[in-house]
Each structure stands twice: as C-alpha cells, then as structure tokens.
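Colleague: Here it is, the structure, as structure tokens.
The values are calculated or read from the model by the stated rules, or taken from the named source; none is laboratory data. This structure is a prediction, so every number in the text was calculated from the model and none was measured. Don't worry about glycine lacking a Cβ; one is built from the backbone with ideal geometry, like all the others, and counts go over all protein chains shown.
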Amino acid sequence: MFICIVVILLVIAGVVVMAAGGTVCPSKEGAYRIVKTNLQNAVNTYQNKNDGDLPTINGTVTINGSPCKIVNMCILLEQNEESLKTIHDSLWIGNGSNDDNCDGGCTGCNTYNHSSYIWAVDDEGNVHSTCVGEHCNTSGIDGFQYWP
C-alpha cells in the first residue's frame, strides 16, 4: 500500500513538473512569442496615439502570400512606448534601405549576424514575422522557426 502511494505521488509530481516547465524555463518558441506580444502591444499603442497610423518604413515583405509593411523599430523606440523600451537581438539586417526593421536609423536598434527575423504588420496592424537567413526552414511564412 505504501509503495502504491509513493508511486502515485511520484507520477503526480512528474506531471506537475512537466506542466510548470513552460513557465519556469521558457522555451525558445516562448521567447519568440513574448517578443511578438510586446511588439504587438507597442504597435497598438502607437496606432492609438497616432490616429491609426502604423509605425512602418517604406519597405514591404511578403508573409503568408500577402504584402506586409516592415515595422520601423526606431519610431517605437523614439516614442518610448511603454510596451517596447528595448529591441531584442532577433532582428535581421538587410543589405539596403527599407529592407529591415532598423532602417529608420536610430540608437538602440541593433542587428546581429545570428539574427533571423523581419517584423512586419498587415493593413489592420497585426504583427507578423518572417524568418530570413541560414537558420530558417522557410522564408515568407509567419511564425517561429529559429531563435537566437
């Protein structure tokens, strides 16, 4: 009887540890989701303060078959949005103008060699991303693929 109780408690403890694992130690996909949520909040705040305008540069990127406007992280940083005070190092750096999130030209918007994402918005202001570079399975598809 005692052994059965111990086994049952161990099974329950294992289930609890596995269930709590996502909140105690976030996965790379969880980190991606947090950045995407923070960026969505910053875009929403910007739209509310600027008569529905989107914080974008002139460039576009195709995500899930639709053109999306590239988010201008510099505008969000310069306006010191409460929900976006720093930029995560997931930003991909392009080779020209109007092809990445830091083309607005500001302090604090840095890209790194291992970075992979271009963050963009559709016409309604919904945030999407596309993975670009050697770590990605596919480009032009919204969602998590790799996290630096």
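Colleague: Which numbered condition in (1) modelled with pLDDT of 90 or more; (2) more than 27 Å from D100 (Cα to Cα) is the only one that V16 fails?
Modeller: Here V16 meets the rest and fails (1).
Colleague: Also, I was wondering about something else. How many residues, within segment 33-71, are surrounded by 12 or more Cβ atoms within 10 Å (Cβ to Cβ) and in contact with a strand residue (DSSP E or B) (Cβ under 8 Å, 6 or more places away or on another chain)?
Modeller: Of the residues in segment 33-71, 18 are surrounded by 12 or more Cβ atoms within 10 Å (Cβ to Cβ) and in contact with a strand residue (DSSP E or B) (Cβ under 8 Å, 6 or more places away or on another chain).
Colleague: State whether one or more residues within segment 48-56 are assigned to a strand (DSSP E or B), modelled with pLDDT of 75 or more and polar (S, T, N, Q). First the steps, then the outcome.
Modeller: In the first step, residues of segment 48-56 are kept if they are assigned to a strand (DSSP E or B); the result is 56.
Of the ones still in play, those that are also modelled with pLDDT of 75 or more are 56.
Adding the requirement that they be polar (S, T, N, Q) leaves 56.
Checking segment 48-56: at least one residue is assigned to a strand (DSSP E or B), modelled with pLDDT of 75 or more and polar (S, T, N, Q).
Colleague: While we're on this one: Which of the residues that make up segment 103-148 are in contact with a helix residue (DSSP H, G or I) (Cβ under 6 Å, 6 or more places away or on another chain) and either modelled with pLDDT under 80 or assigned to a loop (DSSP other than H, G, I, E, B) (or both)?
Modeller: G104, C106, G108, C109, G125, F144, W147, listed by residue number.
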